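For reference, the structure is listed below as structure tokens.
The values are calculated or read from the model by the stated rules, or taken from the named source; none is laboratory data. For clarity, every value in this text was computed on a predicted model and none was experimentally measured. As a convention, Cβ positions derive from the backbone with ideal geometry for all residues, glycine included, and neighbour counts pool all protein chains shown. SASA here: full protein model, heavy atoms, side chains in, ligands and nucleic acids out. Shrake-Rupley method; radii C 1.70, N 1.55, O 1.52, S 1.80 Å.
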Amino acid sequence: MSRAEQMDTVTGAAAGTVDRHGTPATFASTDPAGGAVVGVFPVHDARAVQQTVDRARPAARRWAELGFDGRRQRLAAYRGHLARHLHELADLVHRENGKPRADAVLEISLTIEHLAWAAAHARRTLGPRRVRAGLLAADHAAYLEYQPLGVVGVIGPWNYPVFTPMGSIAYALAAGNAVVFKPSEHTPAVGAWLAAAWRAAVPDVADALQVVTGNGSTGAALCRAGVGKLAFTGSAPTGRKVMAACAETLTPVLMELGGKDAMIVDDDADVAAAADAAVWGAMSNAGQTCIGIERVYATSAVYDRFVAEVTERVRGLRPGSDDEAAYGPMTMASQTDVVRRHVADATSSGGRAVTGGTVEGGFVAPTVLLEVPETSAAVQEETFGPTLTITRVRDAEEALERTNATSYGLAGAVFSRSRARAMDLARRMRSGMTSVNSVLTFASVPALPFGGVGESGFGRIHGEDGLKEFTRARAITRRRFALPVDLMSFRRPPAAADALARLMGVVHGRHP
Ligand code: NDP
């Protein structure tokens, strides 16, 4: 089959949405469960990426000129399209990423909610407003607004191939930017589908969302293509490379990196609810969740009960690719090596696996590890698999200390019946997001910002902060009338400085 014919095997409506730019190199995306080819895509080189970004520039201008109402209308058409084709997209996500269809439906539904929120709140968050000019500029009116950056580059991962990149794409579009999106080489068909859906739903500004496909070199080319900002989601090592490439052109970056999120289970927690949430937080999506729970610190008072509840629930989980399976295969085959290494490190350093610990094909059995030393890779490094360490601690303070002791700081969870205690622990957790008495919930609240600290990155998607992330603040003052004395003129009288000093004394000098 010729390369052009191969590329035509790209699923259904997605075919043709990826402009080939005459590129000869191709790659195939495959179903991680059975290895079937899902689609064949071009490996866009630096020239193709540059052409795409150049084509996005006039689209960015047109998109910005539409204003908040015009964009809101079109973003509504886009989310309407996603909602009407939800099962089609969920099926593609299932085939290309491996997750159960039901989980794909949940992922897409969350995305649609975010799209709606971003479009509905863009004007209020970013639109022009008047702010107080203050004492020294009382003769001026002061205005603030947040203007789009132009073309935003988005480099996305494969674990949530719709929800995660759309956390940047939806907010960047709502803020008035065009977007060039480079999906992971493991989920290009989903990326191409999202761009095809845009073209279908918003034909008058079709180039406001385009996709380039390929590998790391394609992503690196996007970093160097002169975009207004580069939003990256992936691992910390690749994040460093992206930052270095963006530094060459002083392109600002947003970094959503990995995590090693912990759950704290306090003395007074609802143990059954905590166990249920821990199992979902650790095992759903085969553990390939940046905000997944990878560690639990349970106090001595609840530890034994918690371990028993978790173990019982985990024994009922079965990985597979059918509709009844709890979770699918590892999307990236090489990830099984990371999981194996972490489990081996845990068990060889004194820990024990009470369930799982095995890998068959691309499927990792749900694995619960106890008594793992804090120095183990299974506790310190991102595993990104269906594994969970559970550690006994004296009290919640020790749990918090251990939670905060890794280089990551993305999210976490606290289980306690005391609202005040739980909120206090949540506030002191070294993370960008914390759920109390649940897991991952913050990601489903569009008004809440999403992002981490430390090795988990910086910058925020979602919420008002996520809208502002894709803008530059614009400050304007307008002189309303002329004061008798202009302090910022060489014509000011010599006595003006003394008068100003006296005024400062009256207004601020009374504070001890
Ligand atoms: P990477 O961080 O390597 O890749 C993320 C994205 O960056 C992909 O689109 C990738 O493209 C692209 N990329 C790779 N190299 C470059 C480069 N030099 N310049 C610009 N872009 C580049 O993650 P992987 O997918 O390889 O996964 C590795 C590990 O990262 C996982 O085991 C997991 O621990 C972590 N991870 C964390 C995620 C999170 O949500 N926090 C998401 C994904 C991964 P391509 O795929 O085409 O190589």
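Pick from region 419-429 the residues that are surrounded by 16 or more Cβ atoms within 10 Å (Cβ to Cβ) and over 23 Å from the mean Cα position of the chain (by Cα): which of them is farthest from the ligand (Cβ to nearest atom)? Full working, then the answer.
Looking only at region 419-429, we keep the residues that are surrounded by 16 or more Cβ atoms within 10 Å (Cβ to Cβ), and these are 421-422, 425-426, 429.
Filter once more, keeping what is over 23 Å from the mean Cα position of the chain (by Cα): 421-422, 425.
On the way: ARG421: 29, ALA422: 25, LEU425: 23 Å.
Only one residue tops the list, namely ARG421.
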Residue that is nearest to the ligand (Cβ to nearest atom), among those in region 185-209 that are open to solvent by less than 10 Å² (accessible area, probe 1.4 Å) and among the small types (Gly, Ala, Ser): GLY191
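Somewhere in region 459-466, is a residue modelled with pLDDT of 95 or more, part of a strand (DSSP E or B), open to solvent by less than 20 Å² (accessible area, probe 1.4 Å) and of a type in the set (Val, Ile, Thr)? Don't jump to the end; show me each part of the working.
Restricting attention to region 459-466, the residues satisfying the condition of being modelled with pLDDT of 95 or more are 459-466.
Now drop any that are not part of a strand (DSSP E or B), which leaves 461.
Next, only the ones that are open to solvent by less than 20 Å² (accessible area, probe 1.4 Å) stay: 461.
Retained after the next criterion (residues that are of a type in the set (Val, Ile, Thr)): 461.
Checked region 459-466: at least one residue is modelled with pLDDT of 95 or more, part of a strand (DSSP E or B), open to solvent by less than 20 Å² (accessible area, probe 1.4 Å) and of a type in the set (Val, Ile, Thr).
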Answer residue from region 431-448, given it is open to solvent by 40 Å² or more (accessible area, probe 1.4 Å) and not in a strand (DSSP E or B) and is farthest from THR164 (Cα to Cα) among those: ASN437
Complete set of residues in region 439-460 that are within 12 Å of the ligand (Cβ to nearest atom), within 12 Å of the chain's Cα centre (by Cα) and either small (Gly, Ala, Ser) or more than 15 Å from ALA170 (Cβ to Cβ) (or both): ALA443, GLY451, GLY452, SER456, GLY457
Residue check, LEU257 in contact with a helix residue (DSSP H, G or I) (Cβ under 9 Å, 6 or more places away or on another chain), open to solvent by 10 Å² or more (accessible area, probe 1.4 Å) and near the ligand (Cβ under 8 Å from one of its atoms): yes
One residue from LEU126, LEU135, LEU144 being surrounded by 20 or more Cβ atoms within 10 Å (Cβ to Cβ) and away from the ligand (no atom under 16 Å from the Cβ): LEU126
Qualifying residue in region 403-418 (condition: part of a strand (DSSP E or B) and open to solvent by 40 Å² or more (accessible area, probe 1.4 Å)): no
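Look at region 210-227 and say how many of its residues are open to solvent by 20 Å² or more (accessible area, probe 1.4 Å) and more than 11 Å from the ligand (Cβ to nearest atom). Steps first, answer last, please.
As a first pass, look at region 210-227 and keep what is open to solvent by 20 Å² or more (accessible area, probe 1.4 Å): 215-217, 220, 224, 226.
Checking which are more than 11 Å from the ligand (Cβ to nearest atom) leaves us with 226.
Number satisfying all stated conditions: 1.
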Flag for ALA192 being in a strand (DSSP E or B) and among the small types (Gly, Ala, Ser): no
Some residue of region 32-42 being over 30 Å from ALA220 (Cβ atoms), touching a residue at least 40 places away in the same chain (Cβ under 8 Å) and in contact with a Lys or Arg (Cβ under 6 Å, 6 or more places away or on another chain): no
Residue match in region 59-73 (condition: at pLDDT 95 or above, buried (at least 17 other Cβ atoms within 10 Å of the Cβ) and closer than 30 Å to LEU440 by Cα): yes
